[in-house]
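Asks: Could you have a look at this structure, given as C-alpha cells, before my questions?
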Amino acid sequence: MTCYDRRDLGLLLLRLGTGGVLAAHGAQKLLGWFGGGGLEGTGRAMEAMGYAPGRASATAAGLAEAGGGVLLALGLATPAAGAAAAGAMAGVAAVHAPNGFFAQSGGYEYAASLGLTAAGLAVTGPGRLSVDHALGHAVNRNWMVPAAFAVTAAATTVVVGARNRRMRKAAESKQEKLFD
C-alpha cells in the first residue's frame with residue numbers, strides 16, 4: 001500500500017499547474033520575464049486600466065500572483081496562497097468583465113478559471129505531497145481559510161471598488177467633454 005493516493009497526486013498536479021501559471025504571470029509583472037512589461041510597463045498598463053498608482057498596483061498584483069503561485073505549487077501556506085491568487089484574479093476579472101465571459105472576446109474566463117482553482121486549493125488543502133504536510137500543517141490550519149479569504153475579500157473590494165469609481169469618473173468626464 002502506498003502512502004499517497006490519487007487525491008494527493010491530483011492535488012499536486014493542480015497545484016503545480018495553477019501555481020506555475022500564476023508564478024509566470026507574476027514574473028512578467030515584477031521582472032519583465034516571459035515577455036512581460038516589468039514594473040514600469042505593467043505600472044503604466046495598470047494606470048490605463050484604472051488601477052492607481054500604477055507601479056504600486058503592479059507590485060501588489062505581481063506579488064500576489066508570483067508569491068501565491070510559488071506557494072501554491074509548493075503547497076505551503078495554502079490558505080493564504082490560494083486566497084491571494086484568487087484576489088488578484090478577481091482584479092483581473094474586473095478589467096475583462098465588460099467584454100463578457102469568453103477569453104476569445106477579451107472576457108474574464110481565464111482569470112475566473114485561475115482564481116476559482118486557486119480558491120478551491122485554498123479550501124481543499126494541498127494534500128500529502130506538500131510542504132504544508134511535511135511541516136505538520138503549521139501554516140495550513142482550518143481557521144486560516146476563512147481568515148485568508150476575509151482579508152483578501154476586504155482588500156479586493158477596496159481596490160476594485162476604487163478602480164471602478166475611477167473608471168466611472170473618467171467615462172463621465174469623457175461624456176461631458178463630448179457635449180461641451
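The values are calculated or read from the model by the stated rules, or taken from the named source; none is laboratory data. All figures in this text were calculated on a predicted structure; none of them were measured in a lab. As a convention, Cβ positions derive from the backbone with ideal geometry for all residues, glycine included, and neighbour counts pool all protein chains shown. All accessible areas refer to the heavy atoms of the entire protein, side chains included, with ligands and DNA or RNA removed. Shrake-Rupley method; radii C 1.70, N 1.55, O 1.52, S 1.80 Å.
Asks: Just want the answer: with Cβ charges of +1 for Lys and Arg and -1 for Asp and Glu, which residue in Gly67, Ala138, Ala45 is farthest toward the dipole's positive end in the chain?
Replies: My answer, from the dipole projection, is Ala45.
Asks: Next question, about the same structure. Any idea of the accessible area per residue across region 127-180, 1.4 Å probe, to the nearest Å²?
Replies: On a per-residue basis, 74 Å².
Asks: Please compute the volume of the convex hull spanned by the alpha-carbon atoms of the chain and report it per residue in Å³.
Replies: 122
Asks: Under 20 °C and 1.002 mPa s, how fast does region 79-127 diffuse according to Stokes-Einstein, given a Kirkwood radius computed over C-alpha pairs? Answer in µm²/s, whole number.
Replies: It comes out at roughly 200 µm²/s.
Asks: Sticking to Cα atoms, compute the Rg of region 84-180 to one decimal and its Dmax as the biggest Cα-Cα distance, whole number, in Å.
Replies: 18.2, 66
Asks: Okay, moving on. Which percent of the accessible heavy-atom area of region 12-136 goes to carbon and sulfur, probe 1.4 angstrom?
Replies: 70
Asks: Report the paramagnetic label zone for Ala52: residues of region 142-180 whose backbone N is under 18 Å from a point 7 Å from Cα along the Cα-to-Cβ axis.
Replies: It comes to 158-177, nothing else.
Asks: What are the ³J(HN,Hα) values, in whole Hz, obtained from phi via the Karplus relation 6.51 cos²θ - 1.76 cosθ + 1.60 with θ = phi - 60°, for each residue of region 6-22 in sequence order, with x given for Gly and Pro?
Replies: 4, 4, 4, 5, x, 5, 4, 5, 4, 5, 5, x, 5, x, x, 5, 4
Asks: Would you mind checking the tilt of helix 54-74 against the longest principal axis of the Cα atoms of the chain, expressed as 0 to 90 degrees and rounded to 10?
Replies: 20
Asks: Using only Cα atoms, locate the centre of region 21-69 and the centre of region 80-107, then give the distance between them in Å, rounded to an integer.
Replies: The two parts, judged by their Cα centres, are 14 Å apart.
Asks: Still on this model: Suppose all protein chains stay in the model; what accessible area per residue would a 1.4 Å probe give for region 1-126, in Å²?
Replies: 48
Asks: Sum -39500 (n - 2.57) across every DSSP H segment of at least 4 residues in the chain, then divide by the residue count to get the 222 nm mean residue ellipticity, nearest 500.
Replies: -25000 deg cm²/dmol
Asks: Rounded to whole Hz and in sequence order, give me ³J(HN,Hα) for region 38-49 from the Karplus expression 6.51 cos²θ - 1.76 cosθ + 1.60, θ = phi - 60°, writing x for Gly and Pro.
Replies: Working through the residues one at a time gives x, 5, 5, x, 5, x, 5, 5, 4, 4, 5, 8 Hz.
Asks: Where does the charge balance sit around Leu11 when Lys and Arg score +1, Asp and Glu -1, over other residues with C-beta under 12 Å from its C-beta?
Replies: +1
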